[in-house]
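Working notes, structure below.
The values are calculated or read from the model by the stated rules, or taken from the named source; none is laboratory data. These numbers were taken from a predicted model, which means no experiment stands behind them. No Cβ is skipped: glycine too gets one built from the backbone with ideal geometry, and neighbour counts run over all protein chains shown. Protein only, heavy atoms only, side chains kept; ligands, DNA and RNA dropped before computing areas. Shrake-Rupley method; radii C 1.70, N 1.55, O 1.52, S 1.80 Å.
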Amino acid sequence: MSVIYMDRESIETLTEKDIRDIIDENSIDMKYGTLHDYYVGRHRILRERKKDSTAPNNRLVNNMAKYITDTATGYFVGEPVVYDSQNDEFLQIVQDIFDYNDEQDHNMELAKQCSICGSCFEMLYLDEEAKIRLARVPAKDGIMICETDSGFSTPMAFIRTVISKDKDDNIIRKVEFWNSQLVMRFKSINGGYLNLLSIEEHYWQDVPFVEYINNEERMGDFEGVITEIDAYNKVQSNTANYFQYNDDAILKVLKLGDVSSQDIADMKEKGAIILEDGGDVDWLLKSIDDTALENYKNRLREDIHIGANVPHMSDESFGRNLSGVAISYKLWGLEQICSIKERKFKKGLQRRIELMANILNVMGYTFDYRDIMPKFRRNRPQNDLETAQIVTMLASDLSRETRLQMMPGVENVQDELQKLEDEKNKDKEEFGVYQNFAKAFQDTANGTEAVEDGQEGTQ
């Protein structure tokens, strides 16, 4: 459980013992371990055992979980989030902080963890140079405590756990309890008692953690189709078992009298056999209904894609030169889950900017976090010619900034606008130099003609 709810009075009166109890009661959640295992390819099929130890036991992992997460995450934030604001100073400072933290990659990892586990946390802190840093906290390592009577799930405290080992191979468990004013730090060794090490104040004026959720239920993108993934793995493994069994099939010899093992070995080696009257040689094979088996596998795969709302991108229909409308129809289901992702992720980004504004205002600024608005762009297959034509047709109706946001490949609209302005100024300067050169050339030409005329008159 990554989020628990308490009333404000209880949160404000928590004792050291209460904090330890909360940590102990919520520190183990097998869900996150299972989901992570499926993403990296450690599926249930790998633990399957056959009753007959001599039977083929192929255990094939078709990692549909990773495919679903990578496809959904790439579609959602493969095109980096862009930010818009009328406050250029605030936007530039925030953008510098984001660049310092490699925010685009950071957002991608947050979105990937949300896709796998259903939620993820982000910690904001100040480094040694008093610069704002962003750090990802996996759902299994954090507990957000929110106010029960708040319709907005207002964070009231956060518990962060970090587990490591020292040089003597002892398991060190460090726990931090954060609220809006201070942080309490605990430590235990090899699962022992959590000792309080220190209590420190901080300057964030809020709990410096953000929760990002995949959906309101905090479910991962492939969490609902794990049983179907298991079934697909099993049928693929059994298909391999059938073929391996038939490759190693048992030779059946009928009515050939006294046939020894050496005789059979000679038959296999020489590839020939003399049959007596009524004798026969055959293989014991398992029959396979290829059509039914392939239909079953195709149905399972289709159900996985439907259940996860992630299309089969290797389908041959995606290889055609489709229009934007046709692509949108094929990606309709994925677009729906990404619309939910976007609204949830946007709330997290706005809280991140709010916490950043709190620190910046402590430093002397007067920024309002609501002045910056994040905007998302889908990383969908593009018909670039069609997009360019649409943007061109909207030139009289939309601003250049808005049109640039529609263009794939434009990561920072403000930078692009600045480049356009720089190029415009450079063209003006070059044009001015050209005009001056042309005027000077003309003046020189006129002066030369005047001298020549004067010389002719003298002669």
From Arg59, Arg49, Arg42, grab the single residue that is outside any helix (DSSP H, G or I) and under 20 Å from the mean Cα position of the chain (by Cα).
-> Arg42
Spot the failing condition for Phe121; the list is (1) in contact with a helix residue (DSSP H, G or I) (Cβ under 8 Å, 6 or more places away or on another chain); (2) among the aromatic types (Phe, Trp, Tyr); (3) surrounded by fewer than 18 Cβ atoms within 10 Å (Cβ to Cβ), and only one is missed.
-> (3)
Among (1) open to solvent by 60 Å² or more (accessible area, probe 1.4 Å); (2) at pLDDT below 95, Lys66 falls short only on (2)
Name, by its number, the condition in (1) buried (at least 18 other Cβ atoms within 10 Å of the Cβ); (2) β-branched (Val, Ile, Thr); (3) touching a Ser or Thr at 6+ places or on another chain (Cβ under 7 Å) that does not hold for Ile172.
-> (1)
